[in-house]
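Presented below is the structure to which this report refers.
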Amino acid sequence: MRFYRAAELSAFTLVELLVSVATVTLLILIVVSMTNSASTLINFDNKKMDADGEARTVFDRMAGDFDAMVKRSDVDYQFNNRANEQNGSATLFFYSEAPAILASANVADNSSASLVGYRINSLYQLERLGKGLQWSPNASTSKDGAADGMTYLTYADYPITSASVPVAGSTLTGAFSSVVSVGSRDSNYHVIGDGVFRFDFWFLLKPYTKSDGTYLPAIYSNYPYDVRRPGHTSTYCVGVEDVQAIVVVIAILDTASRRLLPAGINWNNIVDAFQDPADPFAAPVPTWEGTANTGVLVSKAGIPKPVAAQVRVYKRTFNLITSINQ
């Protein structure tokens, strides 16, 4: 049996232990930093993908509605992108052959037409109206007391001119006042974009050649009719025949980022930061993109900078085929 003296045994010194601990600590900090950075990037990408996916869903639904829009001069449209806004955003209503909640359980009563609309609700989410219509308007049999069939514009004066005003009951506001009025509630509304807090649209009007041969190019406009054309002062007797495309712009703040907003945040201030262009014929998008890319949301809306960085603006142009106008 062999014995060793204590002096012959090898061991770590205190300095070596301190160096080892410092090295391990440094490695842990590096790994944690890399993990946090990766987590931040993944979280940012996930929020972007959520917003992108929501915008795609909204625009795809709108595309189907616009493609099936009833494009006639003898039906009413309600395009409110300046007046009668709801919660600071536009409202949009029109007849379409798009899917909707059926007005009657009796299939024979239901027509192929529906009343479609878009607006921002009190929770600052985009909601869609899909009200299925019956073949004949009859408020007495309607479950919500409003007209339940497509109404055609009628006039008290004949012959009809551009100055003629339709009978109130034949317009959307008159026939469906309990559905399309500001602040109205209806079971046929459902949220289609829970992150969309701002919604607006503009029109791209067709180019026009005047009787003297002067060519007028296509322009953006707040109005769905071309005031450069004689007698085109409203959609009455004109419909949407002047419209080449509808340009829709939405602003999205994803659900996860909304939870980071300060308690009691005033959504009106956030919405007001996305101003409409002062010029009614200006291109619509740059104003909003400028707001999203600057400190306006932080200074005017009072939201944290990390949350403001998550606000995204999306635009899509929907071409209208208006050759079947009457």
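Tabulated data
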read-out	value
Region 257-326-region 200-227 distance, computed between alpha-carbon centres (Å)	25 Å
Residue (of 220, 235, 150) at the positive-pole extreme of region 46-319, dipole from beta-carbon charges	220
Cα centre as origin, Lys/Arg/Asp/Glu Cβ charges: region 46-319 dipole, Debye	700 debye
Region 142-232 shape via C-alpha gyration tensor axes, a/c threshold 1.5	oblate
Within region 200-299, chymotrypsin sites (Phe, Trp or Tyr not before Pro) in DSSP loop having at most 15 other beta-carbon neighbours inside 10 Å	281
Rounded, prolate or oblate (a/c below 1.5 giving rounded, otherwise prolate when a/b exceeds b/c) for region 167-282 by Cα gyration tensor	oblate
Prolate/oblate/rounded label for region 46-319 (Cα gyration tensor, a/c 1.5)	oblate
Computed FRET value (nearest 0.05) for residue 185 with residue 255, which takes r as the C-beta separation and R₀ as 25 Å	0.65
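Read the figures in this text as sums done on the coordinates, not as results from a lab. Computed from a predicted structure; not experimentally measured. Don't worry about glycine lacking a Cβ; one is built from the backbone with ideal geometry, like all the others, and counts go over all protein chains shown.
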